[in-house]
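The values are calculated or read from the model by the stated rules, or taken from the named source; none is laboratory data. Not measured: the values here are computed from a predicted model. Here the Cβ positions follow ideal geometry from the backbone for every residue, glycine too, while neighbour counts run over all protein chains shown.
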């Protein structure tokens, strides 16, 4: 159970409502079903709780679960106890997340502008916004309806923010057009100059960074992540993309829609990344690459060449994932031989 000091839970759901919302198939038959009051992991969920299992690594936990109901895939149904209400689906985790979001809805916002906020006379603040302690809204900035600007965040001159977007505490945003329904987590820096300069024997000279950052709708950008503005062309982040904490996105990078970028990834300037691509943690991408759609890049990879649609790569330098696994196997084999 989530700590009620920090998380507010909504009213219970009936099993029938859960089925209707998720489209899962009810595998159990009973005259009445207990209401679903909460969600939890399979090993700690109890009476009235809804859980899920889809990974065979956790198959041994199914037999001992105390949950009332469980989203489950067809290959694991036979391992579940008879007293658990089984909800058959191809996407147990997604169904679980759907119900969890209903039981624990996003924190409601009370529209208010704190007296310590500094708002330019030329800024445009739409209705139903909340602007917290110490926030600064620069000249000619436009804040859409229902936005929440966190404490001590700075929204720069001419920045545009779409409706229902939430900006966490201590965020700075400049030279940016930000879409609707986005979430920018605390400490993010968006729109600062890219790392661009020319250097010779006389020393470096800065290259003016004259582009913007353009972010689509329903984008999340994690805590302490940085997104540089373009040098001439814009830096673009497509709608539906999720960017984790501590990610660096260089100038002129273009991210497609529904991408997932995990923590500590670094993407050098002018690299283009297609739709639905996943880049796992601590990976680095060189500049001026073209990464296709539906690409998967394993953790700690170093990508130095462009990748076609559907590529799955790993290693540094990154190679096709099967080749990477063979490399790892060879290294292990050599290591064992040395020990002998």
### Query
Is there a residue being within 26 Å of residue 295 (Cα to Cα), at pLDDT 95 or above and crowded, with 21+ Cβ neighbours inside 10 Å anywhere in the range 239-246?
yes
#### Entry: Residues being exposed (fewer than 15 other Cβ atoms within 10 Å of the Cβ) and outside any loop (DSSP other than H, G, I, E, B) - total across the range 9-18
2
### Task
Determine, yes or no, whether residue 99 is touching a helix residue (DSSP H, G or I) at 6+ places or on another chain (Cβ under 8 Å) and part of a loop (DSSP other than H, G, I, E, B).
no
#### Entry: Filter result for residue 81 (exposed (fewer than 14 other Cβ atoms within 10 Å of the Cβ), in the same structural domain as residue 32 (by TED's automatic domain parsing) and not in a strand (DSSP E or B))
yes
#### Entry: Residue among 190, 199, 205 that is in contact with a strand residue (DSSP E or B) (Cβ under 6 Å, 6 or more places away or on another chain) and either surrounded by fewer than 20 Cβ atoms within 10 Å (Cβ to Cβ) or modelled with pLDDT under 95 (or both)
205
### Query
If you check residue 107 against the conditions, is it in a loop (DSSP other than H, G, I, E, B), within 24 Å of the chain's Cα centre (by Cα) and modelled with pLDDT under 95?
yes
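Yes/no matrix, rows are residues, columns are (1) more than 18 Å from residue 261 (Cα to Cα); (2) modelled with pLDDT of 95 or more:
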| site | (1), (2) |
| --- | --- |
| 296 | no, yes |
| 299 | no, yes |
| 309 | no, yes |
| 317 | yes, yes |
| 325 | yes, no |
| 329 | yes, no |
### Query
Can you find a residue in the range 165-180 that is over 26 Å from residue 140 (Cβ atoms) and either free of Cβ contacts under 8 Å to residues at least 40 places away in the same chain or touching a helix residue (DSSP H, G or I) at 6+ places or on another chain (Cβ under 8 Å) (or both)?
no
### Task
Taking the residues in the range 20-73 that are at pLDDT below 90 and not in a loop (DSSP other than H, G, I, E, B) as candidates, determine which candidate is surrounded by the most Cβ atoms within 10 Å (Cβ to Cβ).
62
